[in-house]
Amino acid sequence: MRNIIAAALAAGMGLIAIGPAAQAHAFLDHASPAVGSAVPAAPAAITLWFTQDLEPAFSSVTVTNQAGQRVDLGNAQVPQGAPVQLQVGLRPLPPGIYTVSWRVVSVDTHPTEGRFQFTIGQ
């Protein structure tokens with residue numbers, strides 16, 4: 001019985017050693033509106049795409065105006081069937097510069113955060 005257990009453990013360790021290396025964090029891949037972009041009209045929502053699946057309960061995104069006031073709808077979500085996306089709706093926005101701040105936890109439990117700006121109508 002010990003030989004069977006030892007063989008099983010050795011086989012498992014071998015598979016781990018030759019398997020692909022897992023990424024350690026979910027990094028922002030791209031966004032809509034794009035990072036640093038200028039858009040002619042206010043979008044209805046912000047969508048962020050990450051390099052790993054997200055843990056919805058621990059992932060958030062906020063959008064603020066130049067005065068630091070929140071302008072998102074507070075309804076951030078990881079859409080069902082799209083585990084690498086994080087979305088939040090926006091109020092109708094006037095022209096200006098807006099900051100998107102995000103904090104996510106990937107399914108491997110590593111947190112990352114960041115921010116970027118986009119401009120409306122300028």
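Residues in segment 22-58 that are exposed (fewer than 12 other Cβ atoms within 10 Å of the Cβ) and assigned to a loop (DSSP other than H, G, I, E, B): 22, 24, 34, 36, 40, 41, 44. Restricting 68, 74, 96 to residues that are among the small types (Gly, Ala, Ser) and surrounded by 13 or more Cβ atoms within 10 Å (Cβ to Cβ) narrows the list to 96. Residues of segment 66-122 that are aliphatic (A, V, I, L, M), assigned to a loop (DSSP other than H, G, I, E, B) and under 15 Å from the mean Cα position of the chain (by Cα): 76, 78, 82, 84, 107. Under the condition of being open to solvent by 20 Å² or more (accessible area, probe 1.4 Å), among the hydrophobic types (A, V, I, L, M, F, W, C) and under 18 Å from residue 70 (Cα atoms), the residues counted in segment 99-118 number 1.
The values are calculated or read from the model by the stated rules, or taken from the named source; none is laboratory data. In this text, all values refer to a predicted model and were calculated from it rather than measured experimentally. Cβ coordinates were reconstructed from backbone atoms using ideal geometry, including for glycine residues, and neighbour counts include every protein chain displayed. Heads up: the accessible areas ignore ligands, DNA and RNA and are worked out on the full protein's heavy atoms, side chains in. Shrake-Rupley method; radii C 1.70, N 1.55, O 1.52, S 1.80 Å.
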